[in-house]
Structures are given as structure tokens and as C-alpha cells.
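Below you'll find the structure, written out as C-alpha cells, and then a few comments.
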Amino acid sequence: MDGLGDKPILDLDGRTPLEAARTPHFDELATRGACGIMDVVEPGMPVGSDIAHLLIFGYTREDYPGRGPLEALGVGMELQPGDVALRGNLANIDQGMNIIDRRAGRRIPEAGEIITILNNMVEESGGIEGVKVEFRHSTEQRVACVLRGPGISHCISDTNPNRDYVPVAECKPLDDSPEARKTARVINNLTKKIYESLKDNPINKQRKAKGQPQVNCILTHGAGMIQSVPSFQEKFHVRAACVTGNGVIRGVCRYLGINVMPCPGATGTINTDLEAKIETLLQSLQKVDIGILHIKATDSSGHDNKPFQKKEFLENIDSIVGHGLVSGVDWEDTCAVITADHSTPCENADHSGDPVPVLIVGKNIIHDEVRSLGERSCAGGYLGRISSHSLMNMILNRLGRQKKFGA
Ligand code: ZN
Ligand code: ZN
């Protein structure tokens, strides 16, 4: 559960949303299992969902390719070694390149059309300095962008200053290499070409007539280059599948060769189809060794500082996913882990460096005195305080797939 961990909230009588939520199924699993708390990177260090999932899946910080490549993979783009991928925001700027709205109003139903116009524009101009550019729409104002061509680098700065009413930031090389200088030139050139090709487009005339912000710029950030990492199967000799409605987690899975199960109702929002998700997960277990179910909206409720929404959503998760686990799993040969990628306390409205609860349940596990899934209750469990890099070891050990170290 993304961003599950939280802090005591006054309006919940000093309990966290997870502690305040009625979760009989998770509590039953806690009673049968072993609990603990987990630091995803190290104590006190907040972390993004993308790298957090890589770490939980047993990879290291060095395996992180940057946000851009994961976003591009998440929207289904193919990446080749040497490609530079970035995240982009459709935005509204004035003719002096000052940002009026860095998200162009967020609601952009014409985004797909706009992306087609831009892709055609770059293709017809034969690329920029021999570099091909391809965009793809993700959600709302978000796009992914892939640069392909000789002599390019991901060591470039963002053009998105993350504020309105300031100029579009110039893309600068972050090292002295000719590759970084060239890539920065390509991005700056591209930014101008995008403005020129969109400023008088009929789509923008229609948006203007409706009082909506113009869409005439793409602000970039998170440049990265794909690197070759061993797939999940090569690394751990187990097959895995994932059910998620979230683009970045889909990207992480594609990066690691983890099969993302089709599940149309999975939206990554509070309205996600939890029944379809648990059903898809349980089906996947017939074909793979490890099934992963990712639920996003616990994190979004934290970002929005909505503790009651987080609590109610957790009750929903318990009654559908928790119930599905308790009653739909063959516990003779299955082990389940319930945890989070980081804490997103409502009070912070962002990720924090607090540890997350972790619960492992399965046949013959040494269970402890913990009777409920919660930040404080789990801290008193048998697992103690673990680090995310131990998690895959513990899972493989449970599955009897862990290789012996030494003779
Ligand atoms: Zn997250
Ligand atoms: Zn988050």
C-alpha cells in the first residue's frame, strides 16, 4: 500500500489512519504472522515511490535509472541503450517564455492530439541535430519524452522550475561533456519549436474561446538513461507479476521484466476496482511464484492531507483485498507480505523518512504477540526493525529459494 505509514492525528484521537481503521482481516493476518517495521532506504530518509519499489524488489540505488525512463516505460514506450528519457508537463507560457500555468490547467482532453502534432513536427523537421524526439501522453498534463540519436547524455538540467510566473528554465549541461552540451541545446531548441508549432493551433484558439489555458510548451525534468540491470527472474530465479494502476510502478515493473497483469479497473485512484485487483492477483499466482499488488490512493490521501479518507480507504482495502487474502489463498503453500514503499503522513502532505509497518504471514511462521496491523503495534513484533534490502531475502527464504551463503 503506497505511502501507508502515517503519524498520530488529533482528529483520530491520536491514532494514525491505519490504527483508527477497522481492519479485521489484516488484524487476523497480523495475529497469524510476524510483524515489524521497515526502513526503505535508511532511518529518517524520505524516498520517492519509484526508487522505493526498486529497493523493496531487492535492487540497489545504483540500479535507479532516473524518473524519466521509468515514466516512459510506464506509458509503454520502448527504450534502447543510449536513449535519454524525460518527464514533461504540458504548460502555458507567454511569448516572452514566461510560465503562466505550468500544468496548463491539468485538464487537457486534447493532449493526445497535441502530442501527435508535436511528434509529426519533429519528424518532418528530421529531428534536431540528428536527434529523434518522441512524445507520449501519460495522464492529465503529464507526458514522457524520449530522445534517440548519437552523442547525447542525461546529464542535463530541468526546464521546469516548478513555479509559475517565472521564465522557462534554460536547459544546461550538468557536466563538461560535448554530449551534455549537445543534449541541452536540443532541449532548448525543442522548447522553442514546440511554442512555434502550437501557439496559433486551432486547438488553442478553441481553448481560448472556452477560457481555458493555452497549451504551448512542454516543461521537462527527470532526465535519465536506461541501464542494463538483470531482470527480476534472472536475479532471483522466480517469476513475478504485478497488478497496478499506476504508471510509474508499471514502468518499474517493465524495467525489471516483471509482467504487469492487465486489469482494466485498476486506476491508481480512490475509485480503483479493488475486487478486480485482488481477483487478478489471485489468478496470477497460478502462473508465477510472486504476485505483487500495488495500491496507490493511500499515498494520494496522505498528499492531500485527508486522514479520514485514508482511514476509510484502508477499511475498503481490508474488506475487499484483506478478505480476498484471508479466504482466497491456499495458506498451505503461500506466504504473504503486507507493507508499504514509504510513509506519507497527512500532516506532512508528502513522503517522510518514517519506517513503514511490515507483516509476513504463512505456514509455520514464528508468530508474535502483535494482533493488529499498525505503525506502533508492528514495532513490537518478532521481525523487529528491518531494512528493505532484507525483504527479498526473507521472502526467498520463506519460499525455500534462497541460496546458502558459504558451505
Ligand atoms: Zn509511493
Ligand atoms: Zn507519494
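Considering only the stretch 336-350, how many residues are part of a strand (DSSP E or B) and more than 14 Å from ligand 1 (Cβ to nearest atom)? Residues that pass the stated criteria total 3. Of everything in the stretch 4-30 that is in contact with a Pro (Cβ under 9 Å, 6 or more places away or on another chain) and in a loop (DSSP other than H, G, I, E, B), the residue that is nearest to ligand 2 (Cβ to nearest atom) is 6. Restricting the stretch 31-66 to residues that are charged (D, E, K, R) and within 21 Å of residue 298 (Cβ to Cβ), the residue that is farthest from ligand 2 (Cβ to nearest atom) is 39. Whether any residue in the stretch 261-279 is at positive phi and surrounded by fewer than 16 Cβ atoms within 10 Å (Cβ to Cβ) is what I want to check. No, the stretch 261-279 contains no residue that is at positive phi and surrounded by fewer than 16 Cβ atoms within 10 Å (Cβ to Cβ).
Looking only at the stretch 1-55, how many residues end up being among the small types (Gly, Ala, Ser) and either under 22 Å from the mean Cα position of the chain (by Cα) or within 16 Å of ligand 1 (Cβ to nearest atom) (or both)? Step through it out loud before you land on a result.
Just the residues of the stretch 1-55 that are among the small types (Gly, Ala, Ser), to begin with: 3, 5, 14, 20-21, 30, 33-34, 36, 44, 48-49, 52.
Still in the running and either under 22 Å from the mean Cα position of the chain (by Cα) or within 16 Å of ligand 1 (Cβ to nearest atom) (or both): 3, 5, 44, 48-49, 52.
The total comes to 6.
Taking the condition assigned by TED's automatic domain parsing to the domain that holds residue 217, buried (at least 24 other Cβ atoms within 10 Å of the Cβ) and either among the hydrophobic types (A, V, I, L, M, F, W, C) or modelled with pLDDT under 95 (or both), does residue 75 pass? Spelling it out, it is not the case that residue 75 is assigned by TED's automatic domain parsing to the domain that holds residue 217, buried (at least 24 other Cβ atoms within 10 Å of the Cβ) and either among the hydrophobic types (A, V, I, L, M, F, W, C) or modelled with pLDDT under 95 (or both). Checked against the criterion of being buried (at least 19 other Cβ atoms within 10 Å of the Cβ), of a type in the set (Ser, Thr, Tyr) and either touching a Pro at 6+ places or on another chain (Cβ under 6 Å) or touching a residue at least 24 places away in the same chain (Cβ under 8 Å) (or both), the candidates 153, 157 yield just one match: 153.
Put simply, of 353, 302 the only residue that is surrounded by fewer than 19 Cβ atoms within 10 Å (Cβ to Cβ), at pLDDT 95 or above and within 16 Å of ligand 1 (Cβ to nearest atom) is 353. For the stretch 305-330, filtering for residues that are crowded, with 17+ Cβ neighbours inside 10 Å, more than 16 Å from ligand 1 (Cβ to nearest atom) and either at pLDDT below 95 or β-branched (Val, Ile, Thr) (or both) leaves 4. Condition first: within 16 Å of ligand 2 (Cβ to nearest atom), surrounded by fewer than 22 Cβ atoms within 10 Å (Cβ to Cβ) and in a strand (DSSP E or B). Can you find one or more residues in the stretch 382-389 that meet it? No, the stretch 382-389 contains no residue that is within 16 Å of ligand 2 (Cβ to nearest atom), surrounded by fewer than 22 Cβ atoms within 10 Å (Cβ to Cβ) and in a strand (DSSP E or B). Counting only residues that are without any contact (Cβ under 8 Å) to a residue 24 or more places away in the chain, part of a loop (DSSP other than H, G, I, E, B) and either crowded, with 22+ Cβ neighbours inside 10 Å or within 26 Å of the chain's Cα centre (by Cα) (or both), the stretch 78-122 holds 2 of them.
Could you go through the stretch 201-208 and let me know if any residue there is outside any strand (DSSP E or B), at pLDDT 95 or above and among the β-branched types (Val, Ile, Thr). The answer is yes; a qualifying residue exists. Among the residues of this structure, residue 130 counts as one that is at positive phi, away from ligand 2 (no atom under 16 Å from the Cβ) and assigned by TED's automatic domain parsing to the domain that holds residue 190. Residues in the stretch 227-238: is at least one at pLDDT below 95, in contact with a Phe, Trp or Tyr (Cβ under 9 Å, 6 or more places away or on another chain), under 18 Å from residue 63 (Cα atoms) and buried (at least 22 other Cβ atoms within 10 Å of the Cβ)? No, the conditions are met nowhere in the stretch 227-238.
The values are calculated or read from the model by the stated rules, or taken from the named source; none is laboratory data. What you are looking at is a predicted structure, and each value in this text was computed from that prediction instead of being measured. With ideal geometry, Cβ positions are generated from the backbone for all residues, glycine too; neighbour counts draw on all protein chains shown.
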